[in-house]
Amino acid sequence: MISSRNKTLVGGLALCLTASVLFVPGKGAATEKPRSLVPGFVQEQNDQTSPGQPAEAGSERSGGALDREVPRSREGLIVERLDAINPASVGLIGSDDGGLGASLWRGTEPRVIDLLYSGMPTSSVSAQTRDLQRRFLLTGALVPGSQEVGQSILETRLRKLRDAGLGADAVRMLDRLPLGSKTAATDALHADLALLAGENDKACALRDAASTDSFQVKLDIFCKLLAEDFDRAELGASLLAEQGEKDPLFFALVARLAGGEGAVKVAQDTLSGLDVAMIRAAGLSLDGAAFDRAPSGVVAALMKAPSVLTSGQGDLAFRLAREGLLPAADLRALLEGAGKADSKAAPSSVDAVYGALLKAVSDASSASAKAEQLETLFSLASANGDFSVISALVIDDVAGLEPDAYVANFELQALKALILHNRFEAASEWERHIRRSALQGNAAERLAARKTVAKLDAYLLLAGGQSLSRWNQSSLVGWLNAVADDPEQASKTEFLLLSLEALGYSISAEDWEEALPAALSAVSGTSNGVLERNLTAAAGNRRVGEVVGLSLALLGKDGAETLSSNSLAVVLSGLRAVGLEREAGRLAFEAALFRNL
């Protein structure tokens, strides 16, 4: 393991070495179960044009799946001819499966659709953002415009799925394409996905040896090398170089696979499945740092062949875990291994400290000892921005504890973790315990408990669902008292009020005035006025696809972690305006966790 991640070690080491309202979640997306090429067309045509209602004047129809000639026969029967389905309309999920609806792109121009897909990030530390990204890419929806434009949009979606580590979804979409929508580009993507998955034989079976397309020629050369047909492979590589192909990594890998010893320099920003397959076949061993900017799908593929990586697995594993591409059990085993390696001395990296704490949680002999180690672990993870990924590793340990006042601050940490990972029944037990504590003990203990309740209410109101928590005229006063000693009181209060208002709660003029002293010293985070204005306009016109695409662009790779409170409020309001209330609430809750509200 390496210690290149600049993390906070303070507080974790010493303790490591020593040893109610019911919260009911909103309905989540159904389990994916693709049913057709373009789900939802029959069920959702009313979203486009109701029976007996004419299409909108001036709406673009060229290439649409509903364009028809309607000649009448002498017998009075209507004979209709459907135009070819626009390839961009193909998807895996409809509204019943968590999709965003067949009317996703109603009112949006094709060039804007292509732009939004092209500009969306392919990874995120936010679980809710990742869920929205995947549904955005997989939704089958009517797309206006020509077949050519539709083909470009489809290929963009497939590449985004590959780069996001969702190769299996991309393959399933490719398998559902009509024959007329399969092109040299989609064939190349299909083969590249097979190479990423380590299925070299499948990729070679998919190659077009007669093609002059650059990727197909390279794939043919690689397949010849695998078959030990070195003479023809080297001849093919020489011809490719003479034709002006500029790909030093490919030619260096060809030389290594043909028995050479030349140096190989990885161009990580443009790594493909073919590059990964050739690196694996050549038996190269590289530093994990060489792949820190590579697409997530490439990193995930490399982690399945650990012999390729001589070092840096810890950083890459953390990256994949934060992006939802590495099982929690795998990361826990890796971290505990790091802690064990440093067990004879003070842990020298944050990975080792995490590992030692995880082992201490496993070895705890009592509930109070376990809670103490968990609180230390959560505090360290919160300071390092790792709460989401670290809490996933110990969520079963947390859920197994009976609610009690084990150690200061642990109750709220436990509740946050349980809500984040959808353990709502256990969360409600902890919440009841926290509320009861505000009525028990001496004056100082009751005051401390009331401050915890104020923070509890903030998290629950943001997360949504059925709850006894209410925002009323005394709520802000309670909140300000709870965070009176917090140096970030101003920015946290700004975030809370803007987010609650964006989620539909009534924030009064008196609330804003009460928050004014703190707000005068607030410092904003990142924002983008152009994106925000366009998102607001799209939300006002209920253009679902634009709202989702622009929201993803604003959230970026870091999700709500670095987005300013005002910008986040624009995102939340936009998502609510197009019916994505649950998604808005979960984003607000994640943002609250990032800000350690």
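Taking label positions 7 Å along the Cα-Cβ direction at both Asn596 and Gln473, the computed distance is 3.6 nm, reported to one decimal. For Leu439 and Ala537, a Förster radius of 60 Å and the Cβ-Cβ distance give a FRET efficiency of 0.75, rounded to the nearest 0.05. Multiplying the residue separation of Ala281 and Asp208 by 0.36 nm and removing their Cα-Cα distance gives an extension gain of 24.2 nm.
Rolling a 1.4 Å probe over the protein heavy atoms of the range 73-210, with every protein chain left in place, gives an accessible area that is 52 percent carbon and sulfur.
Hey, with R₀ at 45 Å, roughly what FRET efficiency would Ser362 and Ala263 work out to, going by the Cβ-Cβ distance, to 0.05? So, using R0 = 45 Å, E works out to roughly 0.55.
If you plug the beta carbon distance of Leu239 and Arg172 into 1/(1 + (r/R0)^6) with R0 = 60 Å, you get a FRET efficiency near 0.95.
Net charge within 12 Å of Leu580 by Cβ-Cβ distance, Lys/Arg positive one each and Asp/Glu negative one each, not counting Leu580 itself? Local charge sum for Leu580: +2. Each part gets one Cα centre, and for the range 274-341 versus the range 380-426 those centres are 27 Å apart.
The fraction of accessible area contributed by carbon and sulfur in the range 429-576 is 49 percent, rounded to a whole number (1.4 Å probe; ligands and nucleic acids excluded). Accessible area per residue for the range 200-275 is 55 Å², calculated with a 1.4 Å probe on protein heavy atoms, without ligands, DNA or RNA. Each peptide among 230-237, 206-213, 406-413 gets the average number of other Cβ atoms lying within 10 Å of its residues, and from highest to lowest they stand as 406-413, 230-237, 206-213. Label positions at Arg450 and Ser508, each projected 7 Å from the Cα along the C-beta direction, are separated by 1.9 nm. Taking the Cα centre of the range 141-265 as reference, the dipole from Cβ charges on Lys and Arg (+1) and Asp and Glu (-1) amounts to some 480 debye. Each Lys or Arg adds one and each Asp or Glu takes one away; over the other residues whose Cβ falls under 14 Å from the Cβ of Leu456, this sums to +4. The gain in end-to-end length when the Asp231 to Ser311 segment is fully stretched comes to 25.3 nm, 0.36 nm per residue minus the alpha carbon separation. Neighbours of Glu425 by Cβ distance under 15 Å: Lys/Arg scored +1, Asp/Glu scored -1, total -2.
Each label point was placed 7 Å from the Cα along the Cα-to-Cβ direction; for Ala369 and Lys304 their separation is 4.1 nm. Can you give me the Cα centroid spacing of the range 455-472 and the range 186-204 in angstrom? Cα centres, the range 455-472 to the range 186-204: 48 Å.
Average accessible surface for the range 484-597: 42 Å² per residue, computed with a 1.4 Å probe over protein heavy atoms with every protein chain in place.
Extension gain for Ala289 to Thr270 (0.36 nm times residue separation, less C-alpha to C-alpha distance): 5.3 nm.
List, in the order given, every pair from Lys359/Lys557; Lys160/Lys265; Lys265/Lys304; Lys224/Lys557; Lys451/Lys557; Lys182/Lys265 whose Cα-Cα distance in the structure shown is over 27 Å. Too far apart for the 27 Å limit: Lys359/Lys557; Lys224/Lys557; Lys451/Lys557; Lys182/Lys265. Oblate is the label for the range 95-136, because the ratio a/c of its alpha-carbon gyration tensor axes (a ≥ b ≥ c) is 1.5 or higher and a/b is not greater than b/c.
What shape does the range 244-340 take by its C-alpha gyration tensor, where a ≥ b ≥ c are the square roots of the eigenvalues and a/c under 1.5 counts as rounded, a/b above b/c as prolate, and the rest as oblate? Prolate.
The values are calculated or read from the model by the stated rules, or taken from the named source; none is laboratory data. Treat the numbers as computed from the prediction; the structure is a model and nothing was measured. Methodologically, a virtual Cβ is constructed for each residue, glycine included, from the backbone with ideal geometry; neighbour enumeration extends over all protein chains shown. Protein only, heavy atoms only, side chains kept; ligands, DNA and RNA dropped before computing areas. Shrake-Rupley method; radii C 1.70, N 1.55, O 1.52, S 1.80 Å.
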